[in-house]
Amino acid sequence: MNHALNISAANPNAPRLNEGETALPTSLAGMTRAQLREAAIQIGVDEKKAKMRAEQLWRWIYHYGVQSFDDMTNISKDLRAKMAAEFTLARPRLTERQVSVDGTRKYLIELSPGVECETVFIPDVAKSGALCVSSQVGCTLNCTFCHTGTQALVRNLTAAEIAAQVMIARDDLQEWPTSNENRKITNIVFMGMGEPLYNLDNVSDSIDIISDGEGMGIGRRRTTVSTSGVVPKIKELGERTGTMLAISLHATNDDLRDELVPLNKKYPLAELMDAIRQYPGLNNSKRVTFEYVMLKGVNDSLAEARELVKLLKGVPAKINLIPFNPWPDSPYECSDWDQIEAFADVVNRAGYASPIRTPRGRDILAACGQLRSESQKVRASELRKQRLAGEDQG
Ligand code: SAH
Ligand code: SF4
């Protein structure tokens, strides 16, 4: 009997596989508490004891990060063997790992054959580091400056696949068991591939897993979800997750925002700003981050800096000026550094501190969507070579 199919049928987070994708053996790593309970019942644990077993599993998986059932010393050998026969503790396969001279680490992760996402660890100067996770493979939105936007949506990630990105980074950074001191990954940002608010159920479940104090314990206030402005889901995000909100603004008027972030045609600025004002719990210690990518001659004038300040009036806000990260054939250039600083000055004088995000990991192309496309390029050229070799032989 194929238990892998069993559990995914009961699991609303099971990936909706594309045609030709095959299901991997079911791993417990990435499951919610309810799913772990079900898994315990599936291997014959009495319903009354299943909750306790799920708690034990939770601790081993998310506090200790174990990858072998043998390490679960408070669970009997017999039960461990039963679990090992039906399940694994495997993470999705890490297909590529790059480390930048500045310490940024970029991971390319294969979720199922041919379906890949990327995750980036960005150590900060202070004693903190952010892990940038993906919520979708590709994206349905087509922001003109974003490379992910040029890739069609492949699919939503499951909660398990999102949580597994954190687990893989922790494996690599040797951050098990969870400790409260000297952590490398202190923050989570949903700023990788995809639009998190188009996959809110799974994003919300993954945050339940990642933030749980009995496990990885990366708190909700240290987790930021970035959206291009899916207005009807903004309040719900706050209510369900209690996380920090980031908005990819990039323009201060509808004409330009329509062009840069086409979703603006559906949800224009006035509606977006209204929704932001209703984000639960906003105050001076829980501010909204506004991301503003600096595009030379497009949105970087000082008049626009003043407009930005005006637009944000009354909203507890932080501003992140992001130097545009170019990709092959991208239709924009990054603003000159002097211009970014002059723009930042206007914003600073209005009371917003340190707004320029320094480019990180440029040597390993640690920008939205780039590693995946680079690796696809390499694979395409390998295929071409193989085909040519095949023709030679034929
Ligand atoms: N889809 C969500 C989250 C992922 S994008 C969103 O759009 O908010 C994360 C951030 O990277 C967004 O602010 C996005 O605008 C920005 N970004 C995308 N491509 C970029 C590029 N080439 N250079 C700099 N920032 C970019
Ligand atoms: Fe999608 Fe965000 Fe890129 Fe826009 S910026 S295309 S919403 S990933």
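The values are calculated or read from the model by the stated rules, or taken from the named source; none is laboratory data. Bear in mind that the values here come from a model prediction, so they are computed numbers and not experimental data. Methodologically, a virtual Cβ is constructed for each residue, glycine included, from the backbone with ideal geometry; neighbour enumeration extends over all protein chains shown. Remember, those area values only see protein heavy atoms, side chains included, never the ligands or the DNA or RNA. Shrake-Rupley method; radii C 1.70, N 1.55, O 1.52, S 1.80 Å.
Per the Kirkwood definition applied to all pairs of different Cα atoms, how many angstroms is the hydrodynamic radius of the stretch 60-119? Taking every pair of different Cα atoms in the stretch 60-119, averaging 1/r and inverting gives 13.9 Å. Surface composition of the stretch 93-364: carbon plus sulfur atoms hold 48% of the accessible area, using a 1.4 angstrom probe and ignoring ligands, DNA and RNA. Taking each residue as 0.36 nm, the span from LYS286 to VAL99 lengthens on full extension beyond its C-alpha to C-alpha distance by 64.1 nm. With R₀ set to 25 Å, the beta-carbon distance separating GLN56 from ASN180 gives a calculated FRET efficiency near 0.70. Taking other residues whose beta carbon is less than 9 angstrom from the beta carbon of ASN320, and scoring Lys, Arg as +1 and Asp, Glu as -1, yields +1. If the chain linking GLU341 and ASP254 were pulled fully straight, counting 0.36 nm for each residue of separation and taking away their Cα-Cα distance, it would gain 28.9 nm. Taking every protein chain into account, the accessible area of the stretch 93-364 amounts to 40 square angstrom per residue (probe 1.4 Å). Computed 3J(HN,Hα) for the stretch 41-46, one whole-Hz value per residue from the Karplus formula 6.51 cos²θ - 1.76 cosθ + 1.60 where θ = phi - 60°, is 4, 4, 8, x, 5, 4, glycine and proline marked x. Residues whose amide H comes within less than 5 Å of that of ARG155, counting only those at least five positions distant or on another chain, are VAL137 (H built at 1.01 Å from N in the peptide plane). Placing pseudo-labels 7 Å out from each Cα toward the beta carbon at SER76 and GLU236 gives an inter-label distance of 4.5 nm. What does the C-alpha gyration tensor say about the overall shape of the stretch 93-364? Classify as rounded when a/c is under 1.5, otherwise prolate if a/b is larger than b/c, or oblate. Rounded, because the longest to shortest axis ratio a/c is under 1.5.
Under a point spin-label approximation (7 Å from Cα along Cα-to-Cβ), what is the SER330-ARG220 distance to one decimal in nm? In this crude spin-label approximation the distance works out to 3.4 nm.
Leaving out same-chain residues fewer than 8 places away, which lysines sit with a Cα under 25 Å from that of LYS235? Partners found: LYS265, LYS266, LYS286, LYS310, LYS313, LYS318. Distances between placed amide hydrogens fall under 5 Å for PHE290 paired with ILE247, LYS318, ILE319, ASN320, all partners being 5 or more residues away or on another chain.
With the cut-off at 1.5 for a/c, could you classify the stretch 288-359 from its C-alpha gyration tensor as rounded, prolate or oblate? Because a/c hits 1.5 or more and a/b exceeds b/c, the stretch 288-359 counts as prolate.
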